1. Looking at this structure, is residue A:608 within 23 Å of residue A:251 (Cα to Cα), assigned to a helix (DSSP H, G or I) and touching a residue at least 40 places away in the same chain (Cβ under 8 Å)?
2. Would you mind finding the one in B:88, B:107, B:59 that is surrounded by fewer than 16 Cβ atoms within 10 Å (Cβ to Cβ) and within 23 Å of the chain's Cα centre (by Cα)?
3. Residue A:130 is checked against (1) out of contact with any strand residue (DSSP E or B) (no Cβ under 9 Å at 6 or more places or on another chain); (2) within 30 Å of residue A:250 (Cα to Cα) and fails just one. What number does that condition carry?
4. Considering each residue of region A:268-295, count those that are assigned to a loop (DSSP other than H, G, I, E, B) and modelled with pLDDT of 85 or more, and give that number.
5. Where in region A:334-433 are there helices (runs of 4 or more DSSP H), lying fully within it, with 2 or more residues that are free of Cβ contacts under 8 Å to residues at least 12 places away in the same chain?
6. Of B:174, B:196, B:156, which residue is closer than 18 Å to residue B:371 by Cβ, in contact with a helix residue (DSSP H, G or I) (Cβ under 7 Å, 6 or more places away or on another chain), surrounded by 12 or more Cβ atoms within 10 Å (Cβ to Cβ) and at pLDDT 80 or above?
7. Checking residue B:335 against (1) more than 9 Å from chain A (Cβ to nearest Cβ); (2) modelled with pLDDT of 70 or more; (3) in a helix (DSSP H, G or I); (4) surrounded by 21 or more Cβ atoms within 10 Å (Cβ to Cβ), which test does it fail?
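The values are calculated or read from the model by the stated rules, or taken from the named source; none is laboratory data. Note that the coordinates shown come from a computational prediction; the quantities given were computed from them, not determined experimentally. Backbone-built Cβ (ideal geometry, glycine too); neighbour counts: all protein chains shown.
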């Protein structure tokens, strides 16, 4: 019996297969017919992409029809290449090259010959398409921009490339998908689901109706509309203010974490990346390596924050109980440490307590507080890591988790950073070696988005919502739950008021006193950040970055803002003014200080930006 | 010299069947892979030419295998097995991902799939273990060790992921049964495999309902009998359902998406990008349109139109069916039956247990491939991506089966006359 089991199974299998083959090949003759009518053509039905609205319900982006010329290389029959290339307005060489490319991709699947024809081009071509077997026109919908701003926020759509097609089988050659910005982040919501029709063809390539009566066909599903938290008016105004400057503005509503404006400068008109000129324009933007319009400075730029960071030093000092609001600290034109080393300060009265220290941005005050924070612990390593933990609770030192696909983590140094720099334990290091951190220089790097987030956390007295740009999807209040979750900082609420009073005095009598807006109580902080670049491999110092963070009104804040102007010199010169105008625009709806507005709109820093590339020696901080 | 006289005593019938299958296989690969892009016959980028090179190289391989002393295979079986396991493990580090599975080493222009060679190595190791004087396969402890020998390579192959190739290892239950394993294992094995596959194919709910219905049926049929206790039936059903749920849980939560995709493809849930059960349907149409005598070599419209995906590899039999018709298909089926039966005869006439276990393993492996592959192409079984031995395109597959078969021929040649 044991010998026979496998043998019997083998023989039974043989009999079963013989029976099955007889049934398929001899008994049932329907397969001959089926094999004659076997080719299946797949037709896709692309749904409309969802619209995008701003927080006021204004339409930002809608759609326009567009037509792609497609080819299935296997079905192509000899044709008049000269006539066809003439119709398509391309050279014979380009045409044969794109056919060759289509063949390499797949002889059986459709590829794009010419993307995005206009309606007029489509009309003249469609009458003659029947002459060219294997080619057909696929209708799609393209973006139609109602505005000329927010390109960095919206992103753009482009054809799926091979990499994407391999990774996600939903996409085929010629399909469009969102790249960057909102279009990429909410791609699946905006695009909807394409419909498929299977059409039966016979072996002479004639269509004979839906395959299996259409049971596998699906209907397209329209993409959902989304509403952004962006205020179109404020965003557009911010972009106007930033013309001829580089940097960014980001504004939040502190109570919700909603992003009101996200301006990166220089920017470009989103309509440039639609239609047949798309690739030409894209190349131009891509190769502008000096002003980098595709580089989102608000999300991807990592800058030393400068003086606004002092507010955090003060908060951590209070929380760690190494200073109180009464104690005054002397400043003799700077902070002395080590052997004859001094971190300079500007002229102001002395000694100062916390509130005045913030208002006057006294370096000596914050260096003293910082050193006490670090030296409170037995080793500087523990001190730094404790200081760092406070900062991380403000959303620094890591990607923030907002709903836009680009970003940088910034940098908050840890004990490991300095152990590596100073080759610990061969050499030891102490708090003074890291003293620049006190005033937001040194190893600290933040993105403007991180700066506005800590400003909002201060405005809220100790908590924040993750910044986000989605307000709702498809008209229903359905944003991801992470954006409804309150994040607490490690600083107790009672420590915020003295710091906020200091920030208020910055406008009241301090470094931004000339930027007051009548009737609005603003809290803010100027910053002037030293920076360096490399031109042709040579390290050189450039004019300081102009930095400003603010929120208003002081009680019940409606807007928190961070402005960053590259090489704009001191904080209130450019960034402070821009922030002041943005706040007024948002809270009052109009600008009363037209002189100030005029100055900013016409001001240009292009000369400043040209300096390092001039090849000649130049002066900075003029 | 034993070598010379052994050569004369080779089992020429098996060798004839081997060459018949390889030859017919190549003729069909030629037809299935022929397209307009070939510049000449000697075009190395063409699939059929590559396969021809592999076939020629396997002649060298055969001479090599036959030249080695038969004792070598038994003596070095453990080392061969360990090397084979190492090559499977090495894939996790050095393997290259082709079509979603990390099953290949790429050396120069060639890709080698170690899973194809692991079958022969496992057969040798199993033969050596069971053939050992001290092993008694009726003892649980020894059964367990034998199962470990079989399961290790399968466990390394599953996460590549290549569940189809791992499934083949079920074939080793046959040599173990032949050597005295209790038949309950066979039943249990079939039962669990059926549960596993039906869970993935139909989902937990339906399978659980099925289990409950069947247990209830058996219970009501038997309840008059003395020993029938409802508790036992409930327990049995509960164990089965727990198994089903754990299969589902592992599938959904432990596996990654790429593993799931691969399983779904194997189970025909995502047979192709069109998602309309296309492969099997096309394969059936191709075979069915062949009629009595077929459309003639290289004349198949299905084959020419590239309607059947993977036609040179897993679906090569559909080319046979279309171009050679019922008569041609039956010739192939009979050749396979003859080869497997002959291998079983060779296995039975081995004088030592090692040879017999090895021979049975060869027969069982060939049978599982034949059964699953032709069952799939004719639409009798769900889609499981494993090749048809000697037929399907692929150098590693051809070499793997060649080694498997010719080691048996070598053992048989020395065994029959010199032990």
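1. Considered against the rule, which asks whether it is within 23 Å of residue A:251 (Cα to Cα), assigned to a helix (DSSP H, G or I) and touching a residue at least 40 places away in the same chain (Cβ under 8 Å), residue A:608 comes out as no.
2. B:59
3. With (1) out of contact with any strand residue (DSSP E or B) (no Cβ under 9 Å at 6 or more places or on another chain); (2) within 30 Å of residue A:250 (Cα to Cα) applied to residue A:130, the lone miss is (2).
4. Counting residues in region A:268-295 that are assigned to a loop (DSSP other than H, G, I, E, B) and modelled with pLDDT of 85 or more gives 2.
5. It comes to A:415-421.
6. B:174
7. Among (1) more than 9 Å from chain A (Cβ to nearest Cβ); (2) modelled with pLDDT of 70 or more; (3) in a helix (DSSP H, G or I); (4) surrounded by 21 or more Cβ atoms within 10 Å (Cβ to Cβ), the lone unmet condition for residue B:335 is (4).
Yes or no, residue by residue, for (1) touching a helix residue (DSSP H, G or I) at 6+ places or on another chain (Cβ under 6 Å); (2) under 30 Å from residue A:186 (Cα atoms); (3) surrounded by fewer than 18 Cβ atoms within 10 Å (Cβ to Cβ):
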position: A:10; (1), (2), (3): yes, no, no
position: A:16; (1), (2), (3): no, no, yes
position: A:41; (1), (2), (3): no, no, yes
position: A:61; (1), (2), (3): no, yes, no
